[in-house]
Amino acid sequence: MRKLLLYVKLGIITILNGISAKARLKRFLEHALIYERLGNVFRSARIFFRIIKIFPEDPRSYYGIAMLYDNKGRYDKAITWYEKSIKADPCFVPARFFLANALYETGEKNLSVECYKNVIRLDPNNFWAYNNMGSVYEELDMNTEALECFRRALDIIPGHHKALFNMGVVYSKMGYEKKAQEYYWESIRGCNKYPYSFLNLSLSYKKEDKLDRAIVVISEGIRCNPHASFLYYNRACLLAISGYIDEAFLDVARAAKLNPSYFSYAEKDDELADVRMHPGFKALKKIISSERNNDE
């Protein structure tokens, strides 16, 4: 039904395409985006190339092609087209923002930072530019700069869970675990559907050897995010080192059911050595192996 409505919309757009140059450009762009949503990438690309021939000065068609490559993980190609979009209009913020993201994906972290700075010059209240730039600074071990970026992001959107989480990451990295825990708790209060805040808070308590508290936190994370496989796996580790082997095995099984890769991790993880002695572990291995063979 959804596809039928999209095709009806395509027909309407086709009729309206001749109204004016500005209207035609808008309709062409909508046309291309609908085909992209339908999964017809080649048809979408053909329309974008057609737009470039008719409206070479408009940045959105170059940007559209860049996004097609970006969504496929072909970042080098995407970067080329983002740059063409920026050349067409140096003030086109979306192209600059996603260029920064693509540069990060290719490992060009310093160039990525410069691109985020350019976004902020054009759009000083761009929350995501500050947040993403802060994450890059954190990976570059530039913790002071990272914290400043996250603070600026929080000035724009106070209480945003991801910026709060990122503040916690940096403070933990700097050895300020209590401060990190405060930010993780704030992040959870802001959004309990972000499982990484529960994970990092739990691991922070684990560092302090507060295993019972770590288990309580990660269990609450599982209650709020029942499909987060990594939470089950990490709770299994906490339970195992606390001596709750049966419960730990059940969590390994739950994690593996959601993501079979976690069984492979469990086969090597030192913290789960006792779990591998559990009578159900070999049976679980057979089930995982059988499912993999069926998939092949």
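The values are calculated or read from the model by the stated rules, or taken from the named source; none is laboratory data. In this text, all values refer to a predicted model and were calculated from it rather than measured experimentally. When we count neighbours, we look across all protein chains shown, and the Cβ atoms used for this are built from the backbone with ideal geometry, even at glycine.
From the list 72, 109, pick out the single residue that is out of contact with any Ser or Thr (no Cβ under 9 Å at 6 or more places or on another chain), closer than 27 Å to residue 141 by Cβ and of a type in the set (Lys, Arg).
Answer to the selection: 109.
Restricting attention to segment 244-260, does a residue exist that is under 22 Å from the mean Cα position of the chain (by Cα), closer than 14 Å to residue 199 by Cβ and either among the polar types (S, T, N, Q) or surrounded by fewer than 19 Cβ atoms within 10 Å (Cβ to Cβ) (or both)?
Checking segment 244-260: not a single residue is under 22 Å from the mean Cα position of the chain (by Cα), closer than 14 Å to residue 199 by Cβ and either among the polar types (S, T, N, Q) or surrounded by fewer than 19 Cβ atoms within 10 Å (Cβ to Cβ) (or both).
When you go through (1) closer than 30 Å to residue 191 by Cα; (2) not assigned by TED's automatic domain parsing to the domain that holds residue 184 one by one for residue 287, which number turns out not to apply?
Here residue 287 meets the rest and fails (1).
On the basis of being basic (Lys, Arg), closer than 26 Å to residue 193 by Cα and free of Cβ contacts under 8 Å to residues at least 40 places away in the same chain, does residue 173 make the cut?
On the way: basic (Lys, Arg): yes; closer than 26 Å to residue 193 by Cα: yes; free of Cβ contacts under 8 Å to residues at least 40 places away in the same chain: yes.
So residue 173 passes the test.
Could you please find all residues in segment 224-243 being out of contact with any Leu (no Cβ under 7 Å at 6 or more places or on another chain), among the aliphatic types (A, V, I, L, M) and buried (at least 24 other Cβ atoms within 10 Å of the Cβ)?
239
Restrict the check to segment 79-92 and report whether at least one residue is aliphatic (A, V, I, L, M) and within 16 Å of residue 117 (Cα to Cα).
yes
Somewhere in segment 93-103, is a residue over 30 Å from residue 158 (Cβ atoms) and either at pLDDT below 95 or not assigned by TED's automatic domain parsing to the domain that holds residue 161 (or both)?
Within segment 93-103, the first condition is being over 30 Å from residue 158 (Cβ atoms), and the residues that meet it are none.
No.
When segment 259-274 is examined, which residues are found to be farther than 13 Å from residue 237 by Cα and assigned to a helix (DSSP H, G or I)?
The answer is 261, 264.
So which residues in segment 197-237 are farther than 20 Å from residue 260 by Cα and of a type in the set (S, T, N, Q)? First the steps, then the outcome.
Let us first name the residues in segment 197-237 that are farther than 20 Å from residue 260 by Cα, namely 197-198, 200-221, 223-224.
Answer for segment 197-237, where residues must be farther than 20 Å from residue 260 by Cα and of a type in the set (S, T, N, Q): 197, 200, 202, 204, 219.
Only one of 272, 211 is outside the structural domain of residue 191 (by TED's automatic domain parsing) and at pLDDT 95 or above. Can you tell me which?
Numbers: 211 fails: outside the structural domain of residue 191 (by TED's automatic domain parsing).
Answer to the selection: 272.
In segment 179-193, what residues are surrounded by fewer than 16 Cβ atoms within 10 Å (Cβ to Cβ) and over 24 Å from residue 141 (Cα atoms)?
Once the filter is applied, which keeps residues that are surrounded by fewer than 16 Cβ atoms within 10 Å (Cβ to Cβ) and over 24 Å from residue 141 (Cα atoms), segment 179-193 yields 189, 191, 193.
Quick test for you: out of 176, 137, pick the one residue that is among the hydroxyl-bearing types (Ser, Thr, Tyr) and loosely packed, with under 15 Cβ neighbours inside 10 Å.
Only one candidate qualifies: 176.
Look at residue 216 and say whether it is within 28 Å of the chain's Cα centre (by Cα), without any contact (Cβ under 8 Å) to a residue 12 or more places away in the chain and in a helix (DSSP H, G or I). Break it down into steps so the answer makes sense when it comes.
Values: within 28 Å of the chain's Cα centre (by Cα): yes; without any contact (Cβ under 8 Å) to a residue 12 or more places away in the chain: yes; in a helix (DSSP H, G or I): yes.
So residue 216 fits the description; yes.
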